[in-house]
1. Restricting the search to segment 301-356, which residues are more than 22 Å from A132 (Cβ to Cβ) and either in contact with a His (Cβ under 6 Å, 6 or more places away or on another chain) or of a type in the set (D, E) (or both)?
2. I need the full set of residues from segment 1-41 which are surrounded by 13 or more Cβ atoms within 10 Å (Cβ to Cβ) and of a type in the set (A, V, I, L, M), in order please.
3. Looking at (1) over 20 Å from I349 (Cα atoms); (2) surrounded by fewer than 24 Cβ atoms within 10 Å (Cβ to Cβ); (3) touching a residue at least 12 places away in the same chain (Cβ under 8 Å), which is the only condition S222 fails?
4. Given the criterion under 30 Å from G27 (Cβ atoms), in contact with a Ser or Thr (Cβ under 9 Å, 6 or more places away or on another chain) and either at pLDDT below 95 or not aromatic (F, W, Y) (or both), identify the matching residue among A170, A225, A212.
5. Tell me which of these E317 doesn't satisfy, since it passes every other one: (1) in a loop (DSSP other than H, G, I, E, B); (2) out of contact with any strand residue (DSSP E or B) (no Cβ under 9 Å at 6 or more places or on another chain); (3) surrounded by fewer than 20 Cβ atoms within 10 Å (Cβ to Cβ).
6. Return the pairs, sorted by first residue and then second, in which the second residue is outside any helix (DSSP H, G or I) and of a type in the set (S, T, N, Q), the first residue lies in segment 128-145 and is under 17 Å from D337 (Cα atoms), the beta carbons are less than 9 Å apart, and the residues are 6+ apart or on different chains.
7. Can you name the condition, by its number, that Y284 falls short on among (1) part of a loop (DSSP other than H, G, I, E, B); (2) surrounded by fewer than 14 Cβ atoms within 10 Å (Cβ to Cβ)?
8. Could you list all residues from segment 341-365 that are outside any helix (DSSP H, G or I) and either of a type in the set (S, T, N, Q) or without any contact (Cβ under 8 Å) to a residue 60 or more places away in the chain (or both)?
Amino acid sequence: MAWISSAEAIRQLGVRPQTLYAYVSRGRLEARPDPEDPRRSLYSAEDIERLASRRSGPKRAAEIARASIAWGEPVLTSKLTVIAEGRLCYRGVDAIDLSQTATLEAAAAHFWAADYAPRPHLPPVTEGPLKARLFTALAKRAGTDPHARGRSRAMLATDAATVLETLVDAATGGTGDGPIHQRLGAAWALDPDGADLVRRALVLMLDHELNASTFSARVAASTGASLSACALAGLSTLSGPLHGAAVSGVLAFLSEAKLLGVDVAVRARLDEGRALPGFGHPLYPGGDPRATELLARFEVPEKLAGILSAVANESGEYPNVDFAIGAMAQRYGLPTDAAFSVFAIGRSIGWRGHAMEQIETGSLIRPRARYAGQVPDSAARP
């Protein structure tokens, strides 16, 4: 990262020194002591360039923001993940290719561009249902871990690996040895093929660009919150039925199919204009490659295979990764909330990767709301 003097920063921005200092205090501009003169500060050239390039008026900016908030144009710059032409890539590597052999630890090291080196951490959370243990484990860390702002990249990478191990310990009760997928497989009584399928799923769930939970994690990171707090923000968002808990909708759809019959259940949803859980994805009109990869690796249970066929015949929609994870849970008899845990543990790597990237920008994410309520009566003011 390039750094410039305060005089040069003021010249490029055309502002007074007080404004420059205000940018720093509001998190919009990163500063550091000058190594040659600690009494002076240097400023991020990248941040200065970004601030200087803002030329669009309020109306145009509002239009762009409104169009970008839901499946619209990109709103943040990132070097981590790209979804293009039906492919998902992590730092330039196709996620499908990476999932063929990589452990989750190796995939994390690639995504974070750092060694996977966790430090010793708190005893595992073993009480309560599986999903609740994930929340409790992160909350305990978030209440004590140091703020991320000001920590070196190496320290943040160690923090990131430690938080991942905390989540895995919560899912397994701290039992088992070896790579993460083997520990999860042992805790869930899976055979080697089942454990390897979990490995593939974890890698494929690692990141998905700026989804809702990842955006939550980046917002938290922009305030300087600890990586465990960023992960907790991501996990909370992931728990919603339109995100990570969508697998529950797939399993509910399966229950409908068992009760009504596959063809009747599918037709009833289409006739009523209801969604088909586990099918379709705005970013993959030609089919979700993660689902295609996972579903090719095991025999899909009969009822779910019937749903695949019926949906293809009735709507032409392709299965997405929620369907694939739900089918995996059914095929291998995974415990309650194990499918959600696979999603959360895998995606948590993306949350912390995005958090570290956001921290490095030094920028606070602080959108504005367009007020549409009653206009205040200025005449009524005393």
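The values are calculated or read from the model by the stated rules, or taken from the named source; none is laboratory data. Because the structure is a prediction, the values reported are computed rather than measured. FYI the Cβ positions are ideal-geometry reconstructions off the backbone, even for glycines, and counts take in every protein chain you see.
1. Of everything in segment 301-356, those that are more than 22 Å from A132 (Cβ to Cβ) and either in contact with a His (Cβ under 6 Å, 6 or more places away or on another chain) or of a type in the set (D, E) (or both) turn out to be E302, E314, E317, N320.
2. I4, A9, I10, L13, V15, L20, A22, V24, L29, A31
3. The failed condition is (1).
4. Working: A170 fails: under 30 Å from G27 (Cβ atoms); A225 fails: in contact with a Ser or Thr (Cβ under 9 Å, 6 or more places away or on another chain).
Answer to the check: A212.
5. E317 satisfies every listed condition except (2).
6. Matching pairs, first to second residue: P129/T336; L130/T336; K131/S239; K131/T336; R133/T126; F135/S239.
7. Exception for Y284: condition (2).
8. Answer for segment 341-365, where residues must be outside any helix (DSSP H, G or I) and either of a type in the set (S, T, N, Q) or without any contact (Cβ under 8 Å) to a residue 60 or more places away in the chain (or both): just S363.
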